[in-house]
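The values are calculated or read from the model by the stated rules, or taken from the named source; none is laboratory data. The structure displayed is predicted, hence computed values, not measured ones. Counting neighbours? That spans all protein chains shown, and the Cβs are built from the backbone with ideal geometry, glycine included. Heavy atoms of the whole protein, side chains included, go into the accessibility calculation; ligands, DNA and RNA do not. Shrake-Rupley method; radii C 1.70, N 1.55, O 1.52, S 1.80 Å.
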Amino acid sequence: MAKLKIDGNEIEVPDHYTLIQACEEAGAEVPRFCFHERLSVAGNCRMCLVEVKGGPPKPQASCAMGVRDIRGGPNGELPEVFTNTPMVKKAREGVMEFLLINHPLDCPICDQGGECDLQDQAMAFGIDSSRYQEDKRAVEDKYIGPLVKTVMNRCIHCTRCVRFTTEVAGISELGLIGRGEDAEITTYLEQAMTSELQGNVVDLCPVGALTSKPFAFTARPWELNKTESIDVMDALGSAIRVDTRGREVMRVLPRVNDQINEEWISDKSRYIWDGLKTQRIDRPYVRKDGRLQPATWGEAFGAIKAAVAATSGEKIGAIAGDLASVEEMYALSELVKSLGSENLDCRQDGTALDPSLGRASYIFNPTIEGIEQADALLIIGANPRFEAAVLNARIRKRWRRGNFPIGVIGEAGELRYDYEYLGAGPDTLKDLADGNHAFAKVLTDAKKPMILIGQGALSRTDGAGVLVTAAKLAGTVGAVVEGWNGFAVLHTAASRVGGLDLGFVPGAKGVKAAEMLSSMDVLFLLGADELDFTAKKAKLTVYIGSHGDNGAHNADVILPAAAYTEKSGTWVNTEGRVQMGNRAGFAPGDAREDWAILRALSDVLGKKLPFDSLSELRARLYAAFPHFAALDEIAESDSAKIAAVAKKAGKMNKSGFASPVKDFYLTNPIARASAVMAECSALARNNFKVAAE
């Protein structure tokens, strides 16, 4: 720790802090444009000038000077820093005047207006006039893809975007070319950016040079209602803010959560909002004469009642989709059980995970934040870049610190960091588990090895065997020891861990999701769209969901439900953290929240569910499963269960592992309804073809 005085106040800070961080710790406001806590220091905007007592007789850039770089007085006095002296004030005014020399007067039509760092700091630290009379320079706008709009006349060359793409996203797509007044930020060849995290440069840009292209000229920040919520586009549960105007979602932004997403979100999370408006189901439908016809709620419920009355409990089934919240899965499971059925499944991809094996066998035990403590990593049957882009950035962050060997079993793809390709499938995994592979020693020698196993390895016919072998490997290399559990299951569905926690899986006499399609008389689909409907033989399929996707096209009765931004719901992320999303708007037309639909249906079926409100539902849920009440916490799991899994018998076939995510941008009904995601998907396919050629 280091002691120093800031504006006369004594403070103690870690000795690796820069002066700007020390000033913040002391409560002194220091303006900045280029400095960012999660990026390397550039020191090129010079806005964060401070005065250092005993230092050179000129202002110092506080972002580029550490607390260890300044000295105290000759008699042991503490080093002193001043942030508000006349010298500092004059220096900052001069810097601001220089920054505004070439900046255009775009504020009335700039999308950054109202949340622009340059605007705010010019007001607080600048002056009201300029001595510069010459012509301003002009820079051509660049095409860098369908997500980020460029107005490069506004660029102040802070290089935050360049450092983000290089350091965090892991691909050097932006750079600065030219010198002096000819300097400009560009992709050089003016190609679309390919990173799945590129939208974050919009948040990083302190001026209006990079703004959101889909959001451009649609709303002003002060017109929007802001709701803090949780993202469900992948299983990470990134913290987001949903901005709405009236009923309409206008944009999605990240919130800071160091435990999960830091302050980044993936492009799918950020730009999905146009899919919330299109292909929506806003009224009930019933299939008559082979065609889906609009119907009333009474007619839709009547058709379901007739079908349920004509069959028995063992011929009724329910499958929960990837975006379902815990509350609606709980309501559906209670309804189906009351009808005498044990046919429940939240694993529409057929993954081998099962709550009977213990919670530790299906969550990301080391936690997302714990990736930074790991010192070796094995990835089995996953492509984190597409399955969890923000988690992949966290792996890259750890890799950049060094001494972090990474091995991959499965598909060899571009992960944005170096790794050793070990093999394609089960044979390599078995060799590792038996200690017959060189990388096994790397894992054994590591103090905190981590084994990341994806759904590409677990959702196969031999998924149970793969899980057993991976658990055996974890025991062999010491990945599960006192104080460290490195067995990490990476999910791709936001609802999956919550469903497994609930026990939304087939009972003793129940059948799995794939078999339900061909054997049930009445089948409830709770937003389940990722099934192979060519095998469907169910007499009556009821789809409860928000979008007209695969499930709705193959349904006999459609009940319109709310999307994730239109309801308050609980989701459990891949690491087992319980999180609550909040309602930002209301569902269109006759659509209702899923739990309310199921409560009304239960009354018609004569099996009335024992709750009339969401709070009553949650009270019953928390009584049955207490850990759902502990928001933002991870319930403890028994690590010994992984050793128990390792002792089970399991066979594996010879085929290689493949990631389940073939197209990052089109993984769920909301994404497939989005025009922006469709454009990104088309660009990604073209880039892949060009790269392959």
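Those strands (runs of 3 or more DSSP E) of segment 541-599 in which at least 1 residues are in contact with a Gly (Cβ under 7 Å, 6 or more places away or on another chain), among the aliphatic types (A, V, I, L, M) and surrounded by 24 or more Cβ atoms within 10 Å (Cβ to Cβ), considering only elements entirely within it, cover 569-572. I'd like to know if segment 181-197 contains one or more residues that are open to solvent by 10 Å² or more (accessible area, probe 1.4 Å), touching a Pro at 6+ places or on another chain (Cβ under 8 Å) and of a type outside the set (A, V, I, L, M). Within segment 181-197, not a single residue is open to solvent by 10 Å² or more (accessible area, probe 1.4 Å), touching a Pro at 6+ places or on another chain (Cβ under 8 Å) and of a type outside the set (A, V, I, L, M).
For every residue, the table says whether it meets (1) open to solvent by less than 30 Å² (accessible area, probe 1.4 Å); (2) in the same structural domain as Ala209 (by the TED database); (3) more than 28 Å from Ala138 (Cα to Cα); (4) without any contact (Cβ under 8 Å) to a residue 24 or more places away in the chain.
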site: Ile6; (1), (2), (3), (4): yes, no, yes, no
site: Ala22; (1), (2), (3), (4): yes, no, yes, no
site: Asn44; (1), (2), (3), (4): no, no, no, no
site: Lys53; (1), (2), (3), (4): no, no, yes, no
site: Ser62; (1), (2), (3), (4): yes, no, yes, no
site: Arg68; (1), (2), (3), (4): no, no, yes, no
site: Val95; (1), (2), (3), (4): yes, no, no, no
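Annotation note: of Asn668, Asn653, the sole residue that is at pLDDT 90 or above and either closer than 19 Å to Gly381 by Cα or in contact with a strand residue (DSSP E or B) (Cβ under 7 Å, 6 or more places away or on another chain) (or both) is Asn653. Considering Asp117, Asp141, the condition of being in the same structural domain as Ala183 (by the TED database), under 29 Å from Arg179 (Cβ atoms) and either touching a Phe, Trp or Tyr at 6+ places or on another chain (Cβ under 8 Å) or open to solvent by less than 50 Å² (accessible area, probe 1.4 Å) (or both) is satisfied by Asp117 alone.
Per the conditions (1) open to solvent by 50 Å² or more (accessible area, probe 1.4 Å); (2) small (Gly, Ala, Ser); (3) over 30 Å from Lys136 (Cα atoms), the sole criterion not satisfied by Gly72 is (1). For first residues located in segment 161-175 and farther than 14 Å from Thr194 by Cβ, partners that are part of a helix (DSSP H, G or I) and open to solvent by 20 Å² or more (accessible area, probe 1.4 Å) and lie 6+ apart or on another chain with Cβ distances below 6 Å form the pairs Gly175/Val162.
Checking Gly298, Gly275, Gly302, Gly237 one by one, the residue that is without any contact (Cβ under 8 Å) to a residue 12 or more places away in the chain and either open to solvent by 10 Å² or more (accessible area, probe 1.4 Å) or not polar (S, T, N, Q) (or both) is Gly298 and no other. Residues that are part of a loop (DSSP other than H, G, I, E, B) and charged (D, E, K, R) were ranked within segment 213-262; the one that is farthest from Ala587 (Cα to Cα) is Asp258. Return yes when Val81 is among the hydrophobic types (A, V, I, L, M, F, W, C) and closer than 30 Å to Ser195 by Cα and no when it is not. It is false that Val81 is among the hydrophobic types (A, V, I, L, M, F, W, C) and closer than 30 Å to Ser195 by Cα.
Do you know which residues across segment 522-540 are open to solvent by 30 Å² or more (accessible area, probe 1.4 Å) and in contact with a strand residue (DSSP E or B) (Cβ under 9 Å, 6 or more places away or on another chain)? If the condition is that a residue be open to solvent by 30 Å² or more (accessible area, probe 1.4 Å) and in contact with a strand residue (DSSP E or B) (Cβ under 9 Å, 6 or more places away or on another chain), then Lys536, Lys539 are the ones that fit. Within segment 144-178, the residues that satisfy the criterion of being among the hydroxyl-bearing types (Ser, Thr, Tyr), touching a Ser or Thr at 6+ places or on another chain (Cβ under 8 Å) and open to solvent by 20 Å² or more (accessible area, probe 1.4 Å) are Thr166, Ser172. Screening segment 25-39 for residues that are under 26 Å from Thr165 (Cα atoms) and open to solvent by 50 Å² or more (accessible area, probe 1.4 Å) and picking the one that is farthest from the chain's Cα centre (by Cα) gives Glu37. With the requirement that a residue be open to solvent by less than 50 Å² (accessible area, probe 1.4 Å) and either of a type in the set (S, T, N, Q) or part of a loop (DSSP other than H, G, I, E, B) (or both), what does segment 79-91 give you? Residues satisfying the conditions are Pro79, Thr83, Thr85.
Yes/no per residue for (1) within 30 Å of Leu415 (Cα to Cα); (2) of a type in the set (Lys, Arg):
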| site | (1), (2) |
| --- | --- |
| Cys107 | no, no |
| Gln112 | no, no |
| Ser129 | no, no |
| Leu147 | yes, no |
| Arg163 | yes, yes |
| Gly178 | no, no |
| Glu184 | yes, no |
| Leu189 | yes, no |
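Within the span defined as segment 335-353, one or more residues are of a type in the set (Gly, Ala, Ser), closer than 30 Å to Thr461 by Cα and open to solvent by 40 Å² or more (accessible area, probe 1.4 Å). With respect to the stated conditions, Gln259 is within 30 Å of Ile371 (Cα to Cα) and either in contact (Cβ under 8 Å) with a residue 60 or more places away in the chain or touching a helix residue (DSSP H, G or I) at 6+ places or on another chain (Cβ under 9 Å) (or both). Annotation: Ala494 fulfils all but one of (1) under 26 Å from Lys662 (Cα atoms); (2) at pLDDT 95 or above; (3) out of contact with any Ser or Thr (no Cβ under 9 Å at 6 or more places or on another chain); the unmet one is (3).
The helices (runs of 4 or more DSSP H) found entirely in segment 357-444 that carry 1 or more residues being crowded, with 18+ Cβ neighbours inside 10 Å and of a type in the set (A, V, I, L, M) are 389-400, 426-433.
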